[in-house]
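Student: Can you keep this structure in mind? I'll have questions shortly.
Computed from the coordinates by the stated procedures, all read-outs in this text should not be read as laboratory data. Computed from a prediction, not measured in an experiment: that's the story for all the values here. Cβ: placed from backbone, ideal geometry, glycine included. Neighbour counts: every protein chain shown.
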Amino acid sequence: MSDDLLPPSVDPKIKTLGIRRVSGKNMATPRTVMMVRDHIVVSDEKETNTGPTPLEMALSALIGCEGVIINRCAEAMGFAYSAVDMDADGEVDQRGSRGVVGVRPYFNWIKLRIRVHSLENSERFEKLIRNVEYRCPVLNLFRAADVPVDITWERLDP
């Protein structure tokens, strides 16, 4: 493990497995209504527009996960920040999800912009970045799927 990585916040010798559960119902339309714990989540397509598309939800999951991991790493480091602004764009060739052979049905690439409002110095900011990118589950799912993720980090005054 790199000296720059934060120590785990759990005992690395004891598994702490968790199950995430989502249930959903689709009534033979593009719209699916899901339950996540006590939350109703709707996905749809742009034409009917009753919720984000599943791929928009995947980008939302990336931003949400980055927010959680930034917070956890910042707390572990004693890194002071007041807010984080994030934007994600992803390119999709719609031919893939419509069955064209040789065209991937998921993102060709993702661009993520993260702006952290903090007065921390550059060295500590770089350490935060390395730890967040190492730990973020959703980011690493995209990377494991061979989706290039271009991340631009900026530190802004609060």
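Student: May I ask what percent, to the nearest 5, of DSSP beta bridges between residues of the chain are antiparallel?
Tutor: Bridges in the chain that DSSP calls antiparallel: roughly 70 percent.
Student: Let me ask something else. To make sure I understand the rule: partners must be aspartates and glutamates, Cα under 14 Å from the Cα of residue 46, and not fewer than 8 residues away in the same chain. Which ones qualify?
Tutor: Cross-link targets: 56.
Student: Given a 10 angstrom Cα cut-off, can you work out which residue in 141, 119, 17 is the most mobile in a GNM of the chain?
Tutor: 17
Student: Now a separate question. What is the dipole size for the chain, taken about its Cα centre, with +1 at each Lys and Arg Cβ and -1 at each Asp and Glu Cβ, in debye to the nearest 20?
Tutor: Once rounded to the nearest 20, the dipole reads 720 debye.
Student: Under 28 Å between alpha carbons, and skipping anything fewer than 8 positions from residue 127 in its own chain: which lysines qualify?
Tutor: 13, 15, 111
Student: Hey, another quick one. Which loop-located trypsin sites (Lys or Arg not before Pro) does region 35-113 contain, where loop means any DSSP state but H, G, I, E or B and the Cβ has at most 16 other Cβ atoms within 10 Å?
Tutor: Filter output for region 35-113: 37, 46, 95.
Student: Now, a different point. Subtract the Cα-Cα distance of residue 49 and residue 61 from 0.36 nm times their separation in residues, and report this length gain in nm to one decimal. Present the calculation step by step, with values, prior to reporting the outcome.
Tutor: Working: separation 12, 0.36 × 12 = 4.32 nm, distance 1.89 nm.
Length gained, residue 49 through residue 61: 2.4 nm.
Student: Set the Förster radius R0 to 41 Å, insert the Cβ-Cβ distance between residue 72 and residue 103 as r into 1/(1 + (r/R0)^6), and round the FRET efficiency to 0.05.
Tutor: Once rounded, the FRET efficiency stands at 0.65.
Student: Taking a ≥ b ≥ c as the square roots of the Cα gyration tensor eigenvalues, with a/c under 1.5 meaning rounded and otherwise prolate when a/b beats b/c, else oblate, which class fits region 53-156?
Tutor: prolate
Student: Along Cα→Cβ, 7 Å out, is where each label goes; now give me the distance between the ones at residue 20 and residue 5 in nm to one decimal.
Tutor: 2.0 nm
Student: Right, next: What aspartates and glutamates could a cross-link reach from residue 25, if we take a straight Cα to Cα line under 17 Å and drop same-chain neighbours fewer than 8 places away?
Tutor: Reachable aspartates and glutamates: 38, 44, 45.
Student: Still on this structure, please answer the following. Once the other residues with Cβ under 15 Å from the Cβ of residue 44 are scored (Lys, Arg +1; Asp, Glu -1), what is the net sum?
Tutor: Numbers: positive: 25, 31, 46; negative: 45, 47, 56.
With Lys, Arg at +1 and Asp, Glu at -1, the net is 0.
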